[in-house]
1. Enumerate the calculated ³J(HN,Hα) couplings along segment 49-54 in order (Karplus 6.51 cos²θ - 1.76 cosθ + 1.60, θ = phi - 60°), each rounded to whole Hz, writing x wherever the residue is Gly or Pro.
2. Per DSSP H run of n ≥ 4, the term is -39500 (n - 2.57); total these for the chain, divide by its residue number, and report the mean residue ellipticity at 222 nm rounded to 500 deg cm²/dmol.
3. Residue separation times 0.36 nm, minus the C-alpha to C-alpha distance between L199 and D108: what's the value?
4. Just the projected area, averaged over all directions, of the convex hull on the alpha carbon atoms of the chain: how many nm²?
5. Amide H neighbours of T157 under 5 Å, at least 5 residues apart or on other chains, H built in the peptide plane: list them.
6. Expressed as a whole number of Å, what is the distance separating the alpha-carbon centroids of segment 1-57 and segment 76-152?
7. Restricting to Cα pairs below 8 Å that are 6+ residues apart, what does the relative contact order work out to for segment 101-221? Please round to a whole percent.
8. Residue separation times 0.36 nm, minus the C-alpha to C-alpha distance between Y186 and D91: what's the value?
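Every number here is computed from the coordinates shown, using simple stated rules; none is lab data. Nothing here was measured: the structure is a model prediction, and the numbers come from that model.
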Amino acid sequence: MELSNTTIGVIGGTGPQGRGLAYRWARTGLSVVIGSRNASRAQATASQLSDLSGADTVTGAANADCAAAADLVLVAVPWDGHAETVAALRDELAGKIVIDCVNPIGFDKQGPYALQVPEGSAAEQAAALLPESVVTAAFHHVSAVLLADPTLDKVDTDVLVLGDDRDAVDLVIELAAAVPGIRGVYGGRLRNAGQIEALTANLIAINRRYKAHAGIRITDV
């Protein structure tokens, strides 16, 4: 699959993370379909991103239509709606590469903390619900604030990409690198996604303490 000829679907594309990534991909000229439970809301977001990016490659649709139209699909929905949303798209996502960037995180008076997921991680839950798809995990630690900032020409961070299919992982690494400043790095098999998702709680705590938008960098690679 050639990335330049690939249509990227963003399920949850009206939320901060999905919207930010869609905006960055649109700026590079990639074709993006914003998905939402509400088609009108998706279309409105697509129109806004087109204006911001200056690209005519962004469209909006209901989640099922977004998943059907895309070749490569990012799932960026809130954790509490993850299982229901993914399960409902099983047919549309069959045979496709799915990128799960959902972080099962809770908050209490002590701050953010990782939630326990029976399958081990959100990505593994998606894989269980989508047996005919190739599920990867990536984009957990990229600041939505930085992604959405039109004054930034690049986003200075690494993205850990996990999965069991090498070709799929390599394509997602390429997708990460399409955004100036971002580098995709192989982070292991999908069974290790739980640690990656949980690390987001630490990053949120760091960013709250230092009033920053910190990501991660992998050294010596």
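1. 5, 4, 5, 5, 8, x
2. It comes out at -11500 deg cm²/dmol, rounded to the nearest 500.
3. So the chain would gain 31.1 nm between L199 and D108.
4. Here the figure is 11.5 nm², rounded to one decimal.
5. Under 5 Å from the amide H of T157: I182, R183.
6. Comparing the Cα centres of segment 76-152 and segment 1-57, I get a distance of 17 Å.
7. 31
8. Net length gain for the segment: 31.4 nm.
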